[in-house]
Amino acid sequence: MRLALEKRETLPFRIHLLLPVGAVGISFLLSFVPILCAGANPFTAYSYIFYGALGTKTSIVETLVKTAPLILTGLCAAIAFKSGFYNLGGEGQFYLGALTAAALGICTGLPPQTALPLIIAAGFAAGGIWAFGAAVLKTKFRVDEVVVTLLSNYIVIYVVSALLDGPLKDPRTMWPNSPTIMTAARYPLLLGGTRLHAGVLVAIIVALLAWVIMRKTTLGFEIAATGANPKASAYAGIPVIRTVLIASFLSGGVAGLAGVGEVSGLHYNLIEKISPGYGYAGIVIAMLGELNPVGVVLAAFLFGTIITGAQMMSRVTGVPVFLADVIQGITLLVMLAVLILTSYRIRVSLDHLRGAHIKRGITTEGTEYTEYLDADLRR
């Protein structure tokens, strides 16, 4: 018996809408296992996750604050993957945006009226240029972008760590974090007495712009066409290399904005562990959202809910807070499996038994049976 993947016909749109929902549902069911191993009731654990994230005004604000960088890193991966450029460097690009915001935010020479717009633009450019370099290596020298972008994360993170132990170290505390940025470099708060800052609106606006670009512009069509079939796109006159370079710059720039938001909207300085893995979570979010900006926003909100609520769930039930990471990993694997099985069907082939002598009969219990004799098992 042979197993082979056979291309399916295009599924209806409503089925594609249900795929992420099904993947999340299966992931939650599979996550019952680690919860049970921790000695807790899965339904109780999940109830505290959602209450801890959405049960009060404060928890809702914290969920939105966590969702903002996830939207941006999810868009980072979605834009790049859509063009066929597999950017796994969102974490490093996030750190570059944060580093840029911290470095410019402590410059007293910046005009207060233009400080924040300049920091936003510079953070976008920093992340975009870093991803653009990997795209140049891919398009000009055929260097695998997966390896380059993944390993470049560690370069940026260690450079940031070295700077925080050196030139950027706060001279007052001598802790490995930068000095506090000036007030003009901070995002304004949207709700007094909370941490809800304008970076959340920036994330939503960027998602809307990404949707418009991908769905309503020539560039969006070129990005999608290049990712689907670069050879056919080149034959049709689409500048494939230019398209990949533009998509890479936009991808890295969006991740840089996520870093700017964490410095200018939340911490007001740069710390070593400013990202708990937002860049890597963005990859899962992009896949769960099927590389669609609207889907990315919804998936980011779901992950923001899980990350925020996991804190309360851990305090009440004793289940480790790392369950949020487990759910993310399971969701990615399940979503990949669902995408494969909706694009291809598994075909069972018995061609290697062709030419065998077949014996059929009825057993003493009255059931039919088939037996292959002298089968040719050549492949």
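The values are calculated or read from the model by the stated rules, or taken from the named source; none is laboratory data. All figures in this text were calculated on a predicted structure; none of them were measured in a lab. Every residue, glycine among them, receives a Cβ derived from its backbone with ideal geometry; neighbour counts consider all protein chains shown.
So here's what we get for this one:
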| item | result |
| --- | --- |
| Subset of the range 140-154 that is touching a residue at least 24 places away in the same chain (Cβ under 8 Å) and touching a helix residue (DSSP H, G or I) at 6+ places or on another chain (Cβ under 7 Å) - its residue that is surrounded by the most Cβ atoms within 10 Å (Cβ to Cβ) | T149 |
| In the range 325-349, the residues that are farther than 15 Å from L19 by Cβ and in a helix (DSSP H, G or I) | D325, V326, I327, Q328, G329, I330 |
| Answer residue from the range 165-204, given it is polar (S, T, N, Q) and closer than 21 Å to T100 by Cβ and is surrounded by the most Cβ atoms within 10 Å (Cβ to Cβ) among those | S178 |
| Residue match in the range 137-156 (condition: more than 30 Å from K231 (Cα to Cα) and among the β-branched types (V, I, T)) | yes |
| Tally of residues being of a type in the set (S, T, Y) and either on the phi > 0 side of the Ramachandran plot or more than 22 Å from the chain's Cα centre (by Cα) (or both) across the range 109-157 | 2 |
| Pick from the range 84-139, criterion part of a helix (DSSP H, G or I) and free of Cβ contacts under 8 Å to residues at least 24 places away in the same chain, ranking: farthest from I71 (Cα to Cα) | L137 |
| Of residues in the range 1-20 being surrounded by 11 or more Cβ atoms within 10 Å (Cβ to Cβ) and under 24 Å from the mean Cα position of the chain (by Cα), the one modelled with the highest pLDDT | P20 |
| Which numbered condition L116 misses (of (1) over 17 Å from L72 (Cβ atoms); (2) buried (at least 21 other Cβ atoms within 10 Å of the Cβ)) | (1) |
| Residue among P20, P42 that alone is in contact with a Phe, Trp or Tyr (Cβ under 8 Å, 6 or more places away or on another chain) and either more than 29 Å from V316 (Cβ to Cβ) or of a type outside the set (A, V, I, L, M) (or both) | P42 |
| Filter result (among the small types (G, A, S) and out of contact with any Ser or Thr (no Cβ under 8 Å at 6 or more places or on another chain)) within the range 33-52 | G39, S47 |
| Where P34 falls short, out of the listed (1) modelled with pLDDT under 95; (2) under 27 Å from I204 (Cα atoms); (3) of a type outside the set (K, R) | (2) |
| Failed condition for K273, given (1) touching a residue at least 40 places away in the same chain (Cβ under 8 Å); (2) assigned to a loop (DSSP other than H, G, I, E, B) | (1) |
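Let's see how each residue does on (1) in a helix (DSSP H, G or I); (2) surrounded by 21 or more Cβ atoms within 10 Å (Cβ to Cβ); (3) at pLDDT 95 or above; (4) over 12 Å from the mean Cα position of the chain (by Cα):
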| position | (1), (2), (3), (4) |
| --- | --- |
| E290 | no, no, no, no |
| V296 | yes, yes, yes, no |
| M312 | yes, no, no, yes |
| V316 | yes, no, no, yes |
| V319 | no, yes, no, yes |
